[in-house]
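The values are calculated or read from the model by the stated rules, or taken from the named source; none is laboratory data. Here the structure is a predicted model, which is why all the values come from computation and not from measurement. For neighbour counting, all protein chains shown are included, and Cβ atoms are generated from backbone atoms with ideal geometry for every residue, glycine included.
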Amino acid sequence: MSSIKKIGILTGGGDCPGLNPVIRAATRTAILKYGLEVVGIRNGYRGLYLGDFTPLTLENISGILPLGGTILHSSNKDNLFQYPFEENGETVLKDVSHVGVENLKKAGIDAMLIVGGDGTLTSGRDFSNLGVRVIGVPKTIDNDLASTDVTFGFDTAVSVATEALDRLHTTASSHHRIMVLEVMGRYAGWIGLNAGIAGGADAIMIPEIPYDINKIANAINTRKKFGKTFSVIVASEGAKSVNGEMVVSKVVENSPDPIRLGGIGAKVADELEQLCGLEARATTLGHIQRGGTPTAYDRILSTRYGSYAVDLAMEGKFGNMVTLKGNEMSYDSLNNVIGQKTKNVNPNGELVRFAKNIGISFGD
Ligand code: F6P
């Protein structure tokens, strides 16, 4: 018999379509299969620090499957191992993780499901090292977490970006314009690459393949010669030119990854307007990629992750994250997932090769 009677669920980092289906699947599995009690930890690690816990029941998780965001709310700033306090007008970082551990004990929470990306899961690993029983669940629209083939939220982000490209095509064609769509993805080009292929982009710029703007302009000019007086371009927010840097929009203090990328779309549109003699416009899709209802694929993947995470907890497989390998649920140590071990697009991989086969320029 497992000693687990009560589990906690925490969602941390940026929100992502599929968080609610994970919460729902984990809660239903815990209650219906194992007869456990389930507690939601509100606002990510801040809730763990404050003891802000709320019971999750079959009643109060009902109806959340198609909802975007997270009913538990989230935070991407509250690292309890380096928690900011104001002292004499200065910000001092203190380790308050023991408060979180105490709060779990007081609430009788035997194990925690931690749903997040790299920053959230790094703290998950650190709590695991303190003896907390942790199972990680991989969340991010960026799809850049190591050890798992796909993170939930990614499919929704790609679908949203693809629809945007479809819509941009009609205005590009009507006005003989270059339309540049800037998509998210941080330092990985998965969203840009996949949406670009699905949405019929003429050029795709991703962080893994530094671009030469003259080569992108050549691709557009070649299309012009064949009578195509418009082009649609995807620029991943982390893309950089062969002799340039990524474009940073702001720095967010106290965030595990303080750099916020943004602005490449407008930059590229200006440059292409000059080089190609066509009007150019940029659209930044931003958080629309993260908001709203998850696709069917993401609902199913989130359901599998959430349910399997509880199975793993009941098997005592702590310190691990649930993963998707091929089409099978599996798991891997949190140590193998976090840190600099991001999963990036292979510039020589199959998807890039097929994209090039069909004439998409990467500016390389
Ligand atoms: O990691 C998810 C993500 O949406 C990235 O694609 C993006 O760069 C970043 O988060 C935006 O962060 P914020 O919501 O803090 O602006």
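Here is a yes/no grid of residues against (1) within 16 Å of the ligand (Cβ to nearest atom); (2) surrounded by fewer than 24 Cβ atoms within 10 Å (Cβ to Cβ); (3) under 23 Å from Gly349 (Cα atoms); (4) in contact (Cβ under 8 Å) with a residue 40 or more places away in the chain:
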| position | (1), (2), (3), (4) |
| --- | --- |
| Ile213 | no, yes, yes, yes |
| Phe226 | no, yes, no, no |
| Ser236 | yes, no, yes, yes |
| Val248 | yes, yes, no, no |
| Val251 | yes, yes, no, no |
| Cys276 | no, yes, no, yes |
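Please find, within segment 176-188, the residue that is surrounded by the fewest Cβ atoms within 10 Å (Cβ to Cβ) out of those that are of a type outside the set (Lys, Arg), farther than 14 Å from Gly265 by Cβ and under 19 Å from the mean Cα position of the chain (by Cα).
Start the filter on segment 176-188 by keeping residues that are of a type outside the set (Lys, Arg), which leaves 176, 178-185, 187-188.
With the extra rule that they be farther than 14 Å from Gly265 by Cβ, the set shrinks to 176, 187-188.
Next cut, under 19 Å from the mean Cα position of the chain (by Cα) only: 187-188.
Numbers: Tyr187: 17, Ala188: 23.
Filtering segment 176-188 for residues that are of a type outside the set (Lys, Arg), farther than 14 Å from Gly265 by Cβ and under 19 Å from the mean Cα position of the chain (by Cα), the one surrounded by the fewest Cβ atoms within 10 Å (Cβ to Cβ) comes out as Tyr187.
Quick one: Asp149 ticks every box in (1) buried (at least 24 other Cβ atoms within 10 Å of the Cβ); (2) more than 13 Å from the ligand (Cβ to nearest atom); (3) within 19 Å of Val22 (Cα to Cα) bar one, so which box is it?
(1)
Does segment 315-322 contain any residue that is out of contact with any helix residue (DSSP H, G or I) (no Cβ under 7 Å at 6 or more places or on another chain), away from the ligand (no atom under 16 Å from the Cβ), in the same structural domain as Ala146 (by TED's automatic domain parsing) and within 21 Å of Ser123 (Cα to Cα)? Even if it seems obvious, please write down each step before you answer.
Of segment 315-322, the ones out of contact with any helix residue (DSSP H, G or I) (no Cβ under 7 Å at 6 or more places or on another chain) are 315-317.
Of the ones still in play, those that are also away from the ligand (no atom under 16 Å from the Cβ) are 315-317.
Filter once more, keeping what is in the same structural domain as Ala146 (by TED's automatic domain parsing): 315-317.
Retained after the next criterion (residues that are within 21 Å of Ser123 (Cα to Cα)): 316-317.
There is at least one residue in segment 315-322 that is out of contact with any helix residue (DSSP H, G or I) (no Cβ under 7 Å at 6 or more places or on another chain), away from the ligand (no atom under 16 Å from the Cβ), in the same structural domain as Ala146 (by TED's automatic domain parsing) and within 21 Å of Ser123 (Cα to Cα).
Pairs please, first residue from segment 285-305 and in contact (Cβ under 8 Å) with a residue 12 or more places away in the chain and within 16 Å of the ligand (Cβ to nearest atom), second anywhere and among the charged types (D, E, K, R) and outside any loop (DSSP other than H, G, I, E, B), Cβ atoms under 7 Å, 6+ apart in sequence or on different chains.
Leu285/Glu182; Asp298/Asp155
Go through Gly263, Gly199, Gly185 for me and flag whichever is in contact with a helix residue (DSSP H, G or I) (Cβ under 7 Å, 6 or more places away or on another chain) and at positive phi. First the steps, then the outcome.
On the way: Gly263 fails: in contact with a helix residue (DSSP H, G or I) (Cβ under 7 Å, 6 or more places away or on another chain); Gly199 fails: at positive phi.
Answer to the selection: Gly185.
I'm told Lys105 meets every condition in (1) outside any helix (DSSP H, G or I); (2) without any contact (Cβ under 8 Å) to a residue 60 or more places away in the chain except one. Can you identify the failing condition by its number?
(1)
Give the residue that is farthest from the ligand (Cβ to nearest atom), with candidates limited to residues of segment 1-18 that are touching an Asp or Glu at 6+ places or on another chain (Cβ under 7 Å) and of a type outside the set (Ser, Thr, Tyr).
If we take residues in segment 1-18 being touching an Asp or Glu at 6+ places or on another chain (Cβ under 7 Å) and of a type outside the set (Ser, Thr, Tyr), then Lys5 is farthest from the ligand (Cβ to nearest atom).
Could you please let me know if Leu278 is in contact with a Ser or Thr (Cβ under 8 Å, 6 or more places away or on another chain) and among the hydrophobic types (A, V, I, L, M, F, W, C)?
Working: in contact with a Ser or Thr (Cβ under 8 Å, 6 or more places away or on another chain): yes; among the hydrophobic types (A, V, I, L, M, F, W, C): yes.
When the stated conditions are applied, Leu278 passes them.
Would you check which residues across segment 319-362 are charged (D, E, K, R) and either touching a residue at least 24 places away in the same chain (Cβ under 8 Å) or within 16 Å of Val150 (Cα to Cα) (or both) and list them?
Quick first cut of segment 319-362, residues charged (D, E, K, R) only: 325, 328, 332, 341, 343, 350, 353, 356.
Residues satisfying the conditions are Lys325, Glu328, Asp332, Lys341, Lys343.
If I filter segment 267-279 for residues that are closer than 27 Å to Val160 by Cβ and outside any helix (DSSP H, G or I), do I get at least one hit?
Yes, that holds for at least one residue.
Please find, within segment 103-143, the residue that is farthest from the ligand (Cβ to nearest atom) out of those that are at positive phi and surrounded by fewer than 19 Cβ atoms within 10 Å (Cβ to Cβ).
Residue satisfying both the conditions and the ranking: Gly108.
Taking the condition of being within 16 Å of the ligand (Cβ to nearest atom) and aromatic (Phe, Trp, Tyr), how many residues in segment 19-53 meet it?
Count: 1.
Restricting the search to segment 251-303, which residues are under 23 Å from Asn76 (Cβ atoms) and among the charged types (D, E, K, R)?
Correct list: Glu253, Asp257, Arg260, Arg290, Asp298.
Please find, among Gly363, Gly359, Gly292, the residue that is loosely packed, with under 13 Cβ neighbours inside 10 Å and either part of a helix (DSSP H, G or I) or not polar (S, T, N, Q) (or both).
Numbers: Gly363 fails: loosely packed, with under 13 Cβ neighbours inside 10 Å; Gly292 fails: loosely packed, with under 13 Cβ neighbours inside 10 Å.
Only one candidate passes the filter, namely Gly359.
Please count how many residues of segment 205-254 are among the aromatic types (Phe, Trp, Tyr) and at pLDDT 95 or above.
So in segment 205-254, the residues among the aromatic types (Phe, Trp, Tyr) come out as 211, 226, 230.
When the remaining residues are screened for being at pLDDT 95 or above, the result is 211, 230.
Number satisfying all stated conditions: 2.
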